[in-house]
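A short worksheet on the structure shown next.
The values are calculated or read from the model by the stated rules, or taken from the named source; none is laboratory data. This is a predicted model, so every value here is computed, not measured. Don't worry about glycine lacking a Cβ; one is built from the backbone with ideal geometry, like all the others, and counts go over all protein chains shown.
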Amino acid sequence: MKKMLALAATATAAVFMLSACTPSFGGNKEEEITQKTEKSSEKAIIPKYNISDSYYKMVLPFKAGKARGLTADRLNTRLDIDEFETGLMRLAQDTFPTDDYLYQEGQYLDEDTVLNWLDRKKEGSDLKKAKKDDANFENLGLNPALPSSGSAKSKNESSPIYLASMLEQDYLVRKDKNSIQLGGVMIGLALNSVYYYRENTGDPQQEVELSDKTIRSHGEQIAQEVINRLRKMDNLKNVPITIALYKQAPKTSIVPGNYIAKTEVKAGSTDISSWDDVKEKYVFYPADTATAQKYPDDSEVFKRFKNAIDSYFPNYTGVVGTAMYENDEMRKMKIEIPMQFYGKSEVIAFTQYLTGELMDYYSKSSVDVEINITSSDGQEALIVRNAGDKEPTVHIYD
């Protein structure tokens, strides 16, 4: 594994100076406290350090989620797996601030429960068979049952699977000076934008595109049933629960999907009175025609940035970017630049050049920018400029 040199850089720097890149820890000390639930209490530790105000401290010892691994099995791409989790954590900060809450992976929805809920509802002969195979079978599937008649194609197209995955995140809060307890729960519901199926084993994969209106409608219906079931669990009867709907991208997508709506349900209630739109999306650059028309200024900036690299360095193999938008305003830009290098001096010179170009083309203080420079040997350099920072931070890997 490569050793990392942390380098501080300004847009005009001619010489990189070695520096340590450390988070602000604020003098907090590791705490041993008691974590209480409805039926038990146990010792836990609040970590001494926090990387950033944008992240939650996580209770130690680390407890893996009870349904750990199901998200990866049920979503289409690695991009969706990451965004489904980190996006839910980002939305959580609106309700459960990082200053007041601690994070823990979901401890109340276990693997069997989630798998049962993700299944199709059973009817007719399918239900009889399920009960025959398992005397304790509970018909808990949240996806629609397949019709009893018709071809495999017609049955799947009339009753697609809407709910692809579920994710629980727990947020803990202080009960008193020496103890913490569950303060709230986030539930992510990942919904298919495209439903994939095969008529018979070995047949070509078929697909059904689902409209945004259809996804939203079924997502809201599923959310109501989920909250009804959660309130029947002892530990979740009297805590605030936020449910967020995630539209996962098709298998062929080069950007992740995005959250489309969320609702906050008060402690003890099952009433979902309203939904708030979540106006986030991911966009790939270089932009296609539709994107260039919607975001002409951003498209032009990326084009000029790419042209500047073309003119400077002949050995690049492509420059691509993924931008995250909130309310149609760019909030993050992640740029990937694979290169063929022949020496460390080339890496340093090129990284220094890119640092200046970043400040020229992405100078908006409201945008987080990350540039990853890679070669066939792996990561060569990283340039990061967080929103609000006057200068970027640069890392050269040795």
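Report yes if Tyr171 is assigned to a strand (DSSP E or B), aromatic (Phe, Trp, Tyr) and surrounded by 17 or more Cβ atoms within 10 Å (Cβ to Cβ), otherwise no. Considered against the rule, which asks whether it is assigned to a strand (DSSP E or B), aromatic (Phe, Trp, Tyr) and surrounded by 17 or more Cβ atoms within 10 Å (Cβ to Cβ), Tyr171 comes out as yes. Does Gln352 qualify as being over 25 Å from Thr86 (Cα atoms) and without any contact (Cβ under 8 Å) to a residue 40 or more places away in the chain? No, not satisfied. Taking the range 183-228 as the range and being surrounded by fewer than 16 Cβ atoms within 10 Å (Cβ to Cβ) and basic (Lys, Arg) as the test, the residues that pass are Arg198, Lys213. Consider Leu115 carefully, then state whether it is of a type in the set (A, V, I, L, M, F, W, C), part of a helix (DSSP H, G or I) and in the same structural domain as Ile161 (by TED's automatic domain parsing). When the stated conditions are applied, Leu115 passes them. Looking only at the range 118-137, which residues are farther than 17 Å from Ile222 by Cβ and part of a loop (DSSP other than H, G, I, E, B)? Hits for the range 118-137 are Glu123, Asp134, Ala135, Asn136, Phe137.
When the strands (runs of 3 or more DSSP E) confined to the range 332-398 are screened for residues that are touching a Pro at 6+ places or on another chain (Cβ under 9 Å), among the hydroxyl-bearing types (Ser, Thr, Tyr) and in the same structural domain as Phe302 (by TED's automatic domain parsing), those reaching at least 1 such residues are found at 368-375. Name the residue that is nearest to the chain's Cα centre (by Cα), counting only residues in the range 73-90 that are over 19 Å from Leu102 (Cα atoms) and loosely packed, with under 13 Cβ neighbours inside 10 Å. Across the range 73-90, the extreme among qualifying residues is Arg78.
List every residue pair whose Cβ atoms lie under 9 Å apart, where the two residues are 6 or more positions apart in sequence or sit on different chains, the first residue falls within the range 161-175 and is touching a residue at least 24 places away in the same chain (Cβ under 8 Å), and the second residue, located anywhere, is of a type in the set (Lys, Arg). Filtered contacts from the range 161-175: Ile161/Arg120; Ala164/Arg74; Ser165/Arg74; Met166/Arg74; Glu168/Lys66; Lys175/Lys36. Would you confirm, using the coordinates I've provided, whether Arg216 is assigned by TED's automatic domain parsing to the domain that holds Thr95, of a type in the set (Lys, Arg) and under 23 Å from the mean Cα position of the chain (by Cα)? Yes: the conditions hold for Arg216. Residues of the range 335-360 that are surrounded by fewer than 17 Cβ atoms within 10 Å (Cβ to Cβ) and closer than 20 Å to Val320 by Cβ: Glu336, Pro338, Gln340, Tyr353, Asp360. Does Ser179 count as touching a residue at least 60 places away in the same chain (Cβ under 8 Å), surrounded by fewer than 15 Cβ atoms within 10 Å (Cβ to Cβ) and farther than 19 Å from Ile243 by Cβ? Answer is yes for this residue. Of Gly321, Gly268, all but one fail to be on the phi > 0 side of the Ramachandran plot and modelled with pLDDT of 95 or more; the exception is Gly268. The set of residues from the range 78-97 being in contact (Cβ under 8 Å) with a residue 24 or more places away in the chain and of a type in the set (Val, Ile, Thr) comprises just one member, Thr95. Could you list, in sequence order, all residues of the range 84-112 that are farther than 14 Å from Gln169 by Cβ and part of a helix (DSSP H, G or I)? Across the range 84-112, the qualifying residues are Glu111, Asp112.
Residue by residue, here is whether (1) within 30 Å of Met333 (Cβ to Cβ); (2) out of contact with any strand residue (DSSP E or B) (no Cβ under 7 Å at 6 or more places or on another chain) holds:
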| residue | (1), (2) |
| --- | --- |
| Ser193 | yes, no |
| Tyr196 | no, no |
| Lys232 | no, yes |
| Tyr246 | yes, no |
| Gly257 | yes, no |
